[in-house]
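Working notes, structure below.
The values are calculated or read from the model by the stated rules, or taken from the named source; none is laboratory data. All values derive from a computational prediction rather than experimental measurement. Cβ placement follows ideal geometry from the backbone for every residue including glycine, while neighbour counts extend to all protein chains displayed. Only protein heavy atoms, including side chains, enter the accessible area calculation; ligands, DNA and RNA are left aside. Shrake-Rupley method; radii C 1.70, N 1.55, O 1.52, S 1.80 Å.
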Amino acid sequence: MSDRSPAVETSVLSALPALSTAHLADACVRLGLQVRCGPSGLTAVAGGMRCAGRVLPVRHVGSVDIFFEALELSRPGDVLVIDNGGRTDEACIGDLAVLEVQRAGLAGIVVWGLHRDTRDLLRIGLPVFTLGATPAGPLQVGGRLPDGLERARVGPWTVTTADVAVADGDGVIFLPGERLGEIVAAGEAIRDVEERQAAAMRAGTSLRRQTGFADYLAAREAEPGLTFREHLRATGGAIEE
């Protein structure tokens with residue numbers, strides 16, 4: 001099938017596993033982009049789960065067929081993003097749906113709602129991020145939505161196939177595909193500085209010394225409005241972004 005998001009290059013997507021959601025959030029701040037993180041309650045079914053890929057959106061209305069239809073449009077490595085309205089009275093995915101998504105070659109699932117069959121999901125191993133679990137499945141079936149495969153809402157954010165989803169132990173972040181190259185480059189720069197800082201700390205040099213904190217305090221005396229973040233930007237520190 002044709003690529004519905006040509007602005008997202010595969011080579012850039014391949015760099016995402018080396019970056020945490022924290023690196024990517026800081027990169028968005030550095031670039032002046034909106035930081036679109038999922039609400040803190042949106043977490044992995046199991047620790048250590050991580051996924052990244054182009055968003056495959058779907059709006060759930062009570063029946064599994066909408067997932068099947070979305071998978072017919074999917075590409076390997078996509079992340080299925082399911083909008084179930086943030087409902088906490090029903091689960092909209094279980095073991096069979098997750099297994100079907102895995103067999104279709106997707107990277108993972110993000111659900112603005114709940115899951116069930118936790119034991120089976122752990123055995124399947126596909127990264128799944130939800131608001132939690134409940135035994136109850138869908139409680140009713142609604143009519144198919146005209147834009148049910150075009151967008152999905154997760155917390156305050158609406159995402160489409162033009163977006164990229166990344167999820168790890170810190171949560172979920174959505175990135176604009178057309179800016180992904182810039183975001184990845186900024187994230188890599190932040191990661192590299194932080195890794196050098198951590199190595200220097202283990203070798204005995206405090207972070208205060210590395211960031212010139214004493215110099216910052218002296219500069220702030222002369223310029224009371226100076227912020228530590230401005231100082232870090234001027235000196236190449238990256239601990240706040």
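At-a-glance table
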quantity: Degrees between helix 180-202 axis and first principal axis of the chain (Cα, 0 to 90, nearest 10); calculated: 50
quantity: Percent RCO, i.e. relative contact order, over the range 1-142, from Cα pairs under 8 Å lying at least 6 residues apart; calculated: 25
quantity: Protein accessible area in the range 1-137, 1.4 Å probe - carbon and sulfur %; calculated: 53
quantity: Distant-in-sequence amide H partners of A133 (H built 1.01 Å from N, under 5 Å); calculated: H115
quantity: Test item: Cα-centred dipole of the range 134-227, Lys/Arg +1 and Asp/Glu -1 on Cβ, debye; calculated: 260
quantity: Beta bridges by DSSP in the chain, antiparallel share as percent, to the nearest 5; calculated: 55
quantity: Residue-count net charge about V154 - beta-carbon cut-off 14 Å; Lys, Arg +1, Asp, Glu -1; calculated: +3
quantity: Expected 222 nm ellipticity per residue - DSSP helices of 4 or more, -39500 (n - 2.57), all of the chain, to 500; calculated: -10000 deg cm²/dmol
quantity: Computed lengthening from A234 to L73, 0.36 nm per intervening residue step minus Cα-Cα distance; calculated: 53.3 nm
quantity: Crossing angle, helix 213-222 versus the chain [Cα axis fit, 0-90 degrees, rounded to tens]; calculated: 70
quantity: Computed Rg/Rh of the range 1-131, alpha carbon atoms with Kirkwood Rh; calculated: 0.96
quantity: Between 0 and 90°, nearest 10: helix 21-31 axis offset from the chain longest Cα axis; calculated: 60
quantity: At most 14 other Cβ within 10 Å, DSSP loop - GluC sites (Glu not before Pro), the range 133-183; calculated: E150
quantity: Magnitude of the charge dipole, the range 13-145, Cβ model with Lys/Arg +1 and Asp/Glu -1, debye to 20; calculated: 340
quantity: Accessible area of the chain divided out per residue, in Å², using a probe of 1.4 angstrom; calculated: 48
quantity: Two-decimal Rg/Rh across the chain, once Rg and the Kirkwood Rh are taken from alpha-carbon atoms; calculated: 1.06
quantity: Whole-number percent relative contact order across the chain, with pairs defined as alpha carbons under 8 Å at least 6 apart; calculated: 27
quantity: Size of electric dipole in the chain: Cβ of Lys, Arg +1 and of Asp, Glu -1, about Cα centre, debye, nearest 20; calculated: 320
quantity: Enclosed volume per residue, in Å³, of the convex hull spanned by Cα atoms of the range 80-155; calculated: 92
